[in-house]
Amino acid sequence: MHNEPVTEPWPKPGVAWYAVSVLLVAFLFSAVDRVILGMLIIPIKEDLGVSDAAMGSLLGVAFAVAFTVTGLLAGWAADRYSRRGIISVAIVIWSLATAACGLVTTFTQLLFGRIAVAVGSQHYRRPPFR
């Protein structure tokens, strides 16, 4: 019989559950952030004076394309760089973009704000531990 060294699990369970909790909260806020624009579409459309087609492109195509492209880039970056750093930067981008969307006065500003939201909200879904 040989003695194998006793190793503790990595990461420690407390740290792992903390990370899961933080990512869960980020995911919940992200889900609300994506849905809220659809719930407020009529007041936003009237305030900015845009058509249904423009709002449809904002809610659909623009967000989906940005989300897809950055998803591919996030996968590439997650294999090469610190995932914690990627998540941190992404949450900062996403938070600033969400705040910027609340301050827009034109459709173009809202479009770029939502694209930035898509960019930031994509990256935090990667596991935080490498």
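The values are calculated or read from the model by the stated rules, or taken from the named source; none is laboratory data. A quick note: this is a predicted structure, and the numbers were derived from the prediction, not measured. Every residue, glycine among them, receives a Cβ derived from its backbone with ideal geometry; neighbour counts consider all protein chains shown.
Does region 10-24 hold any residues that are part of a helix (DSSP H, G or I) and of a type outside the set (Gly, Ala, Ser), and which are they?
Across region 10-24, the qualifying residues are Pro13, Val15, Trp17, Tyr18, Val20, Val22, Leu23, Leu24.
Given the condition without any contact (Cβ under 8 Å) to a residue 60 or more places away in the chain, touching a helix residue (DSSP H, G or I) at 6+ places or on another chain (Cβ under 7 Å) and among the polar types (S, T, N, Q), answer yes or no: does some residue in region 29-47 qualify?
Within region 29-47 (the criterion being without any contact (Cβ under 8 Å) to a residue 60 or more places away in the chain, touching a helix residue (DSSP H, G or I) at 6+ places or on another chain (Cβ under 7 Å) and among the polar types (S, T, N, Q)), the answer is no, since none of the residues qualifies.
Asp52 passes all but one of (1) within 17 Å of Arg114 (Cα to Cα); (2) surrounded by 11 or more Cβ atoms within 10 Å (Cβ to Cβ); (3) modelled with pLDDT of 90 or more; which number fails?
Only one criterion is unmet by Asp52, namely (2).
Out of all the residues in region 61-82, which are over 14 Å from the mean Cα position of the chain (by Cα) and at pLDDT below 85?
Ala62
For region 21-49: of the residues being of a type in the set (Gly, Ala, Ser) and surrounded by 14 or more Cβ atoms within 10 Å (Cβ to Cβ), which is modelled with the lowest pLDDT?
If we take residues in region 21-49 being of a type in the set (Gly, Ala, Ser) and surrounded by 14 or more Cβ atoms within 10 Å (Cβ to Cβ), then Ser30 is modelled with the lowest pLDDT.
Surrounded by fewer than 14 Cβ atoms within 10 Å (Cβ to Cβ) and either acidic (Asp, Glu) or in contact with a helix residue (DSSP H, G or I) (Cβ under 7 Å, 6 or more places away or on another chain) (or both) - does that describe any residue in region 96-104?
No; the residues of region 96-104 include none that is surrounded by fewer than 14 Cβ atoms within 10 Å (Cβ to Cβ) and either acidic (Asp, Glu) or in contact with a helix residue (DSSP H, G or I) (Cβ under 7 Å, 6 or more places away or on another chain) (or both).
Counting only residues that are basic (Lys, Arg) and over 15 Å from Ala118 (Cα atoms), which one in region 1-45 is farthest from the chain's Cα centre (by Cα)?
If we take residues in region 1-45 being basic (Lys, Arg) and over 15 Å from Ala118 (Cα atoms), then Lys12 is farthest from the chain's Cα centre (by Cα).
Output the residues belonging to region 60-88 that are β-branched (Val, Ile, Thr) and crowded, with 16+ Cβ neighbours inside 10 Å.
Hits for region 60-88 are Thr70, Ile86, Ile87.
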